[in-house]
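Beneath this line is the structure, given in structure tokens, with notes to follow.
The values are calculated or read from the model by the stated rules, or taken from the named source; none is laboratory data. This structure is a prediction, so every number in the text was calculated from the model and none was measured. Virtual Cβ from ideal backbone geometry, glycine too; neighbours counted across all protein chains shown. Keep in mind that these areas ignore ligands, DNA and RNA; they rest on the heavy atoms of the full protein, side chains included. Shrake-Rupley method; radii C 1.70, N 1.55, O 1.52, S 1.80 Å.
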Amino acid sequence: MNITHAYAAQDAKSRLAPFEYKPRELREHDVQIEVLFCGVCHSDLHQARDEWHNTVFPVVPGHEIVGRVTAVGGHTDKYKVGDLVGVGCLVDSCRTCSSCEEGLEQYCENGFVGTYNGQDRHDGKITYGGYSTQVVVHEDFVLRIPDNLDPAGAAPLLCAGITTFSPLHHWGAGPGKKVGIVGLGGLGHMGVKIAHAMGAHVVLFTTSESKVADGKRLGADEVVISKDPEQMAKHTNSFDLILNTVAAQHDLNPFLSLLRRDGTLTLVGVPEHDHPSPQVVNLIFKRRSIAGSLIGGIAETQEMLDFCGKHNLVSDIELIKISEINEAYERMLKSDVKYRFVIDLDSLRSEAGV
């Protein structure tokens, strides 16, 4: 019997612990992937603890997956056994709505299927993610990992990378543009790296003096301590785009004031409680915009991976064993990681004796 070994939360209060399940039989266009590495996203913690109030338990988190193809369905032609591949935040969509037809599956008007805690469109079963020894995914939602990238460091690109690349790409970050990145965590550090590689003038906003040197190491041209009004005031009316990666409730007004006319503040962090409403005058008098952005479609995610391959960009990671995942969650809540935990799934195979 083909058994997948994983770590799952059984309810919102439980620690993640060993869990086994039988994966689906390969469909004609499926790819079976031995998971090598899986990044740990803050969304995983939200879902495991049902903070978004939509979790179906047991839940096996993980949507930053890198692995090797071990088997393919009878009509699969995009991948072959041995290929190094990735799986991001979604594993299916309706394929027929206008968003899907435009390659924007993340905005599927009938709802995309999440890599975990999603409902399979064919059998109705709940999907399980990458805190596991293997996953089975339709070939159309599998991505090719550039050979020159470190597989462990590449894993967070499947969420943190595309979550920042997509809005930077959409709003035209590049030479001659001044781009702000708010927060230097798992998302923010990739935002700094990618915006720098795109050729923009990059300014990092952080509340921590201790992150100034690291921000510059990662590619920021300037670092601003956002709780210092004088430092903030020097940048009034000057930004084309500010990408806000912070997933905690805070005041958006200080950042809106830094946008030039027609500038955009784009939110990618999802806080447990909504931000306070911004001052309308901050928007009206400079025709500024507040926007949101959600990961990316499959084509754009592959474009992001190829871009990162060209510029040799990966996440700064701390590699952990699967048995350390609960401690990692607690450390993540304290921002005690530079800048992304990644699970080595060989540790789970060893633990399970497979």
(message) With a 1.4 Å probe and all protein chains kept in place, how do 304, 332 rank by accessible area, largest first?
(response) 332, 304
(message) Students often forget the sequence filter, so: which lysines lie under 25 Å Cα-Cα from residue 193 once same-chain residues fewer than 8 apart are removed?
(response) 177, 178, 211, 216, 227, 234, 310, 334, 338
(message) So with the 1.4 Å probe, I'd like the accessible area per residue for segment 150-256, rounded to whole Å².
(response) 34 Å²
(message) For a Förster distance of 22 Å, can you work out the FRET efficiency between the beta-carbons of residue 28 and residue 110, rounded to the nearest 0.05?
(response) 0.50
(message) What do you get for trypsin sites (Lys or Arg not before Pro) in segment 188-240 restricted to DSSP loop and a cutoff of at most 13 other Cβ within 10 Å of the site's Cβ?
(response) 227, 234
(message) With every protein chain kept in place and ligands, DNA and RNA left out, what is the accessible area per residue of segment 31-142? Probe 1.4 Å, answer in Å².
(response) 38 Å²
(request) From largest accessible area down, sort 70, 96, 127; use a 1.4 Å probe on the protein chains. (result) 96, 70, 127
(message) At 222 nm, what value in deg cm²/dmol follows for the chain if DSSP H runs of at least 4 each add -39500 (n - 2.57) and the sum is divided by all its residues, to the nearest 500?
(response) -6500 deg cm²/dmol
(message) Tell me the carbon and sulfur percent of the accessible area for the chain, rounded to whole percent, probe radius 1.4 Å.
(response) 49 percent
(message) Could you tell me the relative contact order of the chain? Use alpha-carbon pairs under 8 Å, at least six residues apart, and round to a whole percent.
(response) 18 percent
(message) What FRET efficiency comes out for residue 49 versus residue 122 if R0 is 41 angstrom and r is the Cβ-Cβ distance? Round to the nearest 0.05.
(response) 0.90
(request) With r as the distance between the Cβ atoms of residue 294 and residue 80 and R0 = 35 Å, compute the FRET efficiency 1/(1 + (r/R0)^6) and round to 0.05. (result) 0.65
(request) Report, for the chain, the % of DSSP beta bridges that are antiparallel, rounded to 5. (result) 55 percent
(request) Report the full-extension gain for the segment residue 251 to residue 98: residue separation times 0.36 nm, less the Cα-Cα distance, to one decimal in nm. (result) 51.6 nm
(message) Quick check on packing: order 219-226, 146-153, 180-187 by the mean number of other C-beta atoms within 10 Å, highest mean leading.
(response) 180-187, 219-226, 146-153
(request) Would you kindly state how much longer the chain becomes between residue 338 and residue 303 on full extension, computed as 0.36 nm times their sequence separation minus their alpha carbon distance, in nm to one decimal? (result) 10.1 nm
(message) Under the rule of at least 5 residues apart or a separate chain, name every residue whose amide H is placed under 5 Å from the amide H of residue 92.
(response) 113
(request) For segment 254-354, state which GluC sites (Glu not before Pro) are in a DSSP loop and have at most 16 other beta carbons lying within 10 Å of their beta carbon. (result) 272
(message) Give the residue list of chymotrypsin sites (Phe, Trp or Tyr not before Pro) in segment 259-354 that are DSSP loop and have at most 16 other beta-carbon atoms within 10 angstrom.
(response) 285
(request) Could you give the size of the charge dipole of segment 159-266 about its Cα centre, using +1 on the Cβ of each K and R and -1 on the Cβ of each D and E, expressed in debye and rounded to the nearest 20? (result) 200 debye
(message) Please list, ordered by chain and number, the residues whose modelled amide H lies under 5 Å from the amide H of residue 41; skip anything fewer than 5 residues away on the same chain.
(response) 63
